[in-house]
Structure formats: structure tokens, C-alpha cells
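This report concerns only the one structure given below.
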Amino acid sequence: MLIADYEIFKKDTLLGVLDTETKEVHQMWNIGDIKDYIKTHLSEIWVGYNSENYDKILAHGMLTGKITTPEKAFDVSTAIIKTQDDDTPLFKTLNKLHIDDYYQSDILMYDLLGDGAFFSLKQLEGFLGMDIVESVVPFDLDRPLTDEEKRDVEKYNRADLYGTLERFKQRKNSFRTKMLLVKEFGLPINYICKTNAKLTEAILLSQNKGMNTRLRKNFQLCDLPVNWDVPELKTIYDFFIEALRELEKHKWDTKKCDKKKLSMDLDILGVTHTFALGGVHGGIKNYICRPEDKKKIVWVDVSSLYPNILTKWDLLSRKVDKNGCVAFAGMVQTRMDIKKKLHDPSLTKEEKKELKDQAARYKLILNTTSGCMKDKFKKLYDPEYNTKMCMLGQLSLMDLVFRLRNVKRKPKPAWARNELEINSEGSYFKLIQSNTDGIALELLTDDAEGLIDKVCAEWEKDWKFSLEKTVADNLYEKDVNNYVFKDSGGKVKVKGAYVTKFDEGNEQDTLAILAKAVVNYFLDGTDIRTTICNPENLATDYQMIKKLGNMYDTPTWKREYGDVEVQKVNRIFPSTDIKNGGLYKHKKSKEIGVLDKVEGTPEHVLIYNEDIRGKKIGELDDIDYEWYIAEAQKRINDFLGIKPEKKTTRRKKKEV
């Protein structure tokens, strides 16, 4: 396998290649040498970052003799970048460049950007704690590079090669999953390099045989097993029908639709819920339940909601025929069966690995399908069924809520009720939140869990879904999208921007220490100072990676002895050294010299772009721990509903 990266200048072209087997780095400045190298290694899989629509085009052009000079390479590079910036179709640009045969290229290029987060490679290198190295040599320099400049570019190129390798290590399971899918479904080897969407399309459509009778199918929401006598459920249904009319009117282009007709707020058991095209969300803000409160929280989640809707209610894209539906349903069921099998203690390590590999293969297809159905550029495009899939999910979840509310219970005599039951006004649960595929409930009576289990079992039969139950004695909820709790098995579960970086292996490693401080505070009662002021903590937990957008230039670090122009991507830490000022940027539309402070950054910062992998925070000088403590406290206060004190300003008296 070869890691590759191009550096294109007006008068010079560099291809850097890292051979993952030999660990050798090859750097070539001659296009003829580059062509020969590509030709010799055509059987290899090439790996790059943002390479499918950049590096591969350049490589194909050189291989086919359409790019023979640095000047031509620069013209092609400039045209590609402009196409990406303008968000215009790439094929039109390739036609103008006479590289229209690119899509039939023999080069196997695996693009790490294809299915991951859309960060620049420099940002990812920063998240990993690596050196953040940017070339000081302008790419539009109108002369050949000097030897010294070439050495600088080679250093920059080598850093990107190793950065791409580290990114590949992060995403290697995705690569392995694609390899196994290609093998299982007998696809050509180049499908390893396809995006998740294209691979999913190829697999599902390859099952089609003969005439597709599903093309004429039309699913109706009114046929669902919902109690339409419940006013709230009928209101939701009416809203969905109106939304469908609006979408059909504008040919499923949501940008042209009246936004008011695509979203609705509705009170559900005292909690405001928002119903929209993507799902339902509603939750009690600042809900806090601690173990000492002696309450029981039950989470009820639908297992693989959207894949099961597509199969159980026959809402898979109508471009897929009955054979494809059977294959898709088989993947859904197999994955659910595997989740159960993995709890078997008699399984060997090898057997578990094989099951996990199979589950990962099918997960890729199942999780990608609905996205393809709402993308007009995909072969599985079926916006009506994708929208109805989301609507069905919301109706099913609300049907469960009202079944739970309306269940008949045997009344207890007054003398047998506890204080919680007396204050519950007849209800046996309190709805805490609803979120796309599950609900959270606070139990108010001794018989509540048994009643919930009974209602859920009946609901599962009617809706053909499976429910998973999680029990906890705690929950710290800022809102429906930000919460923390530890379940009865001791597993910590977090959601939301405030706390998501608590999880190990988070690819966007920036200010993770704040998430850890918040979670430790709520779940273990650990003082935030204890978490934050530990010099043995990894420095990467404290870093902020900041990148300038395309509208800005001249990144500037304010310092006591004068302004210093820095890189576009920087790793920063809050600093106690007042000689270090803040990080600023210049908006291109403003006058030269007018600078704006980079959002979310401290007044005094340390910029440290060297490698910090394995480095402890105590090894860095002048770190302002008080800044982290203040930020963590703000997050905790937001969970608790404590609003910041308003600054009072005195009004100046008008002069008479």
C-alpha cells in the first residue's frame, strides 16, 4: 500500500510516496519519473487525503500523458481547487482540461476524506498531537524553486504523508469492512475505493432481477397501527400530510418549501416536542437525577430503527426490487442476531472477531441506505419513501408514549401508596425526553416497570420492532441533545457537544479535558479542579485546534514585542504569560490591518505546533488552568440551569 501526496507549484511538481511495507519515503520532482513510478505500481492500492478529486486526477493525467509539464500540472490543480471552492460539477472542469477519461482510470486510489469528517489534513494532524507543519513557499511562485525551498517543501510533504498514514490507522476498520464487502458480493477490486454510498448502491442494485414491481408501490401513513382517537397523534398525522403536500408541490426540494410547514412544536405529556423531517426531539431542560434521589430512570430504544422500518414496512427505495429487499432484510436480521450472540461467554476471541467483522460490513450498508434515498444524485434516490420512513418512526414512538399513558392499571388503596405515588396524580411515569428512536422515563410507582414491559411487548408485536431497555438511577440532562448518565451495568453514556469528547478515541480531540471534568463532576462528584489541574494528564486533552476559513487571511499572534504572523492551522493553549496576546485574523473584505479575534479563544494564548504525542500538560509552561476551570464551570452551570450574572451598566445622565 502506498500513501501519496502531491505538491504543485507554477514551475515545479513534487510527488511524495510512503511505502507502508518498507517504510521508505520516495519524493520525485520530475514528471517523467512520476509517470514511470505510477505505471510500475498500478497494481498497488494508493491512499491519500482528499485524493479522489485531486491527487488521483493529477496522477491519471501524468500516467496518460495529458500532464507533461509543471505548468500544465499547476493549471489542472488551480482548476480543480476553483471547482471545489465554487461547488461546481467536477466533470465539466475535467472535460475542459481534456481529462474526461478520468472516471475510467486504472489507478486504485482510496480516499480517506470520502466517508469521514470534513476536516483538513492539517487539522487532523493537530487533533492527533502531531507536528502542524505548513509550507512557507507560495504555491503560485512565478519561478523554479531553489534547493533550499525544495527541502522545505519536502519536509512539509513528508509531514503530510505521515499524517495521512496516522489517519489511515484511525480508519483502517472502515477500509477492512469495504474489502470484506467487495469479497462477499463479488465486486471488482476497485470498489474498495468507492464511497460508502456508491458501494451500498452497487450491492443493493446488484440483487435486482427482471422487472421491478415495487416501482408502482405507494405506502400510506394512515395504514399504521396507531390509535387515531388520541388527539395528539391525529395532530401529528395531519402535520405530516400537510408537509408531504408541500414537498410534493416543490418536487422534494426543501429549500423551496415553506419552512413553517416542515416543522411543528407540540406538547406531549407536558414536554414540548419538535416534529420535523429528520425526527422528533423533545426533553425537559436541566433535568437532574442523582443516585441519592432514589429514583429509577428507564430508557426504551428501538433497535436499528430506520433499517427495520425499511424492511418491516417495505419502505426501502423503490429502485430496489423484491430480491434486493430480501437481501437487505437479511442483513438487518443478521446484524441484530450477532448483537445477541456476542453476549455468549463461550465464544472464542476469533469467533467474536468474525462476528464483529460481519456486523460491521452490514452496518455500513444499513446506515448508508437512507442517506442515499434523500440524495438526488444517488441511484437509490426516493425522497418520498425516505420522508415517510422518518415520519413512521416519529408516529411509532409517539404511539408508544400514549400507549404507556393510557394503559389500564389496578388502582391501589390510598393507604398502600407511597409519597411518590400520592404526588404523581395517577400517572406511573414522567416523560423526560423523546429523541428519534427512543424515550426516557422516570418511574413514579412500584408497578411502573412491569407495566412498561407489558405495553412495550404489545407495541413490538404491532410495529414489528424490537426494543432495548436500559435502567439507571441517575441522569444529568442539559437538554434533549446534551446529557450524561451511568447505567445499572456501570457503563457511562454521553451525548452532545458539551460531553461527547469524554469518550476515548474521539477523532476531533480538542478541549477533551472540559468534557472529562463535566462528566467526572456529575458521575463521581470529582471537583473540576482535581480533573483539570493534574499535571500528568495528556496535553492533547487541553489543546484547541483552530483553522482560518477561506474568507480570512493574515493569522496573527499578538505579542508584547510585536505582532507575529502564524500558520492558518494552529494548536493553542490558554496562557498565564501576559506577554502572549490572543490569536487574531483579518477578514479579506475589511481594510488591511483591521483584525478580529478568533472566536472561542482566550485573551492570552500559547501557540505550540510541535509534536505533543505522549507529552503531559505539566511539561508545558505557563498553562492557564483557571481558564479551563471557568469554561468547565460554565458547562456545569448550563446543565444545572444556572444563568450567568448579567453585567449591570450605569446609564450616563444626560447633560441639561
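Among residues other than PRO231 with Cβ under 12 Å from its Cβ, the summed charge is -3 (Lys and Arg +1, Asp and Glu -1). Rolling a 1.4 Å probe over the protein heavy atoms leaves TYR498 with an accessible area of roughly 60 Å². Annotation: aspartates and glutamates with alpha-carbon distance below 13 angstrom to LYS495 (same-chain offsets under eight excluded): GLU477, ASP479, ASP503.
What is the Cα centroid distance between the range 1-53 and the range 607-645, reported in whole angstrom? Cα centroid of the range 1-53 versus Cα centroid of the range 607-645: 40 Å apart. Within the range 321-418, the percentage of alpha carbon pairs spaced more than 24 angstrom apart rounds to 52%. A cut-off of 5 Å between modelled amide H atoms, ignoring neighbours fewer than 5 places along the same chain, links LEU108 with TRP46. Filter the cross-link list LYS56/LYS96; LYS352/LYS454; LYS234/LYS461 down to pairs whose alpha-carbon distance in this structure exceeds 25 Å. As for pairs spanning more than 25 Å Cα to Cα, those are LYS352/LYS454. Here LEU266 and LYS495 are evaluated by their C-beta separation; at R0 = 30 Å the FRET efficiency comes out at 0.85.
For TYR476, the accessible area of its heavy atoms, probed at 1.4 Å with every protein chain present, is near 10 square angstrom.
The candidates VAL566, VAL153, arranged from most to least accessible area with a 1.4 Å probe in the full protein assembly, appear as VAL566, VAL153.
Annotation: the antiparallel percentage among DSSP beta bridges lying fully within the chain is about 90. For the range 249-316, taking the reciprocal of the average inverse distance between every pair of different Cα atoms yields a Kirkwood hydrodynamic radius of 15.8 Å.
Using a probe of 1.4 Å on the protein chains alone, the accessible area found for PHE91 is around 100 Å².
In order along the range 444-453, the phi-based Karplus estimate (6.51 cos²θ - 1.76 cosθ + 1.60, θ = phi - 60°) of 3J(HN,Hα) comes to 10, 9, 5, 8, 4, 5, x, 5, 4, 4 Hz; Gly and Pro are listed as x. Taking Cβ atoms as reference points and 14 Å as the exclusive limit, the residues near LYS251 contribute a net charge of +1, counting Lys and Arg as +1 and Asp and Glu as -1. For the range 268-381, the extents of the C-alpha atoms along the principal axes are 51, 45, 22 Å, listed from largest to smallest. Using only alpha carbons, the range 503-554 has a radius of gyration to Kirkwood radius ratio (Rg to Rh) of 1.13. Over the residues of the chain, the helix contribution to mean residue ellipticity at 222 nm works out to -12000 deg cm²/dmol, using -39500 (n - 2.57) for each DSSP H run of at least 4.
Across all C-alpha atoms in the range 487-642, the radius of gyration and Dmax reach 17.0, 59 Å. Per-peptide packing, taken as the mean over residues of other Cβ atoms within 10 Å, places 349-361, 388-400 in the sequence 388-400, 349-361 from highest down. Positive contributions from Lys and Arg (+1) and negative ones from Asp and Glu (-1), summed over other residues with Cβ under 15 Å from the Cβ of HIS281, come out at -3.
Measuring nothing but protein heavy atoms, the accessible surface of the range 154-280 at 1.4 Å probe radius is 51 percent carbon and sulfur. Placing +1 on the Cβ of every Lys and Arg and -1 on the Cβ of every Asp and Glu, with nothing else charged, gives the chain a dipole about its Cα centre of roughly 2220 debye. Sorting HIS60, HIS41 by solvent-accessible area of protein heavy atoms yields HIS41, HIS60, largest first, with a 1.4 Å probe. Subtracting the Cα-Cα distance of GLU507 and SER466 from their residue separation scaled by 0.36 nm leaves 11.6 nm. To the nearest whole percent, what portion of all C-alpha pairs in the range 515-606 is separated by more than 15 angstrom? That fraction is 65 percent. Each residue of the range 54-97 gets 61 Å³ once the volume of the Cα convex hull is shared out per residue.
Heavy atoms of the protein chains alone define the surface here; on that basis the range 435-497 has 41 Å² accessible area per residue at 1.4 Å probe size. Working note: Debye formula, equal point scatterers on the alpha-carbon atoms of the chain, no solvent; log10 I(q)/I(0) at q = 0.06, 0.07, 0.08, 0.12 Å⁻¹ is -0.44, -0.60, -0.79, -1.51. Taking amide hydrogens as placed 1.01 Å from N in the peptide plane, the amide H of SER135 sits under 5 Å from that of no residue at least 5 positions away in sequence or on another chain. With respect to the cross-link table entries LYS194/LYS255; LYS169/LYS516; LYS261/LYS643; LYS23/LYS178; LYS122/LYS194, which display a Cα-Cα separation exceeding 27 Å? Cα-Cα > 27 Å for LYS194/LYS255; LYS261/LYS643; rest within. Figure note: SER135, SER263 ranked by solvent-accessible area, largest first, 1.4 Å probe, ligands and nucleic acids not counted: SER263, SER135. A simple charge model with +1 on the Cβ of Lys and Arg, -1 on the Cβ of Asp and Glu and nothing else charged puts the dipole of the range 181-318 at about 560 debye relative to its Cα centre. Computed from label points 7 Å out along Cα-Cβ, the spacing between LYS353 and LYS183 is 1.2 nm. Which entries in the list LYS259/LYS493; LYS35/LYS183; LYS66/LYS585; LYS10/LYS183; LYS198/LYS464; LYS349/LYS376 go over 32 Å, if you measure between the two C-alpha atoms of each? The answer is LYS259/LYS493; LYS66/LYS585; LYS10/LYS183; LYS349/LYS376. Per residue, the convex hull spanned by the Cα atoms of the range 1-129 amounts to 117 cubic angstrom. Taking the centroid of alpha carbons for each part, the range 64-121 and the range 480-496 are 43 Å apart. When Rg is the radius of gyration of the Cα atoms in the range 202-308 and Rh is its Kirkwood radius, what does Rg/Rh come to? That ratio equals 1.08.
The values are calculated or read from the model by the stated rules, or taken from the named source; none is laboratory data. Since the structure is predicted, the reported quantities are computational estimates derived from the model, not experimental observations. For neighbour counting, all protein chains shown are included, and Cβ atoms are generated from backbone atoms with ideal geometry for every residue, glycine included. All accessible areas refer to the heavy atoms of the entire protein, side chains included, with ligands and DNA or RNA removed. Shrake-Rupley method; radii C 1.70, N 1.55, O 1.52, S 1.80 Å.
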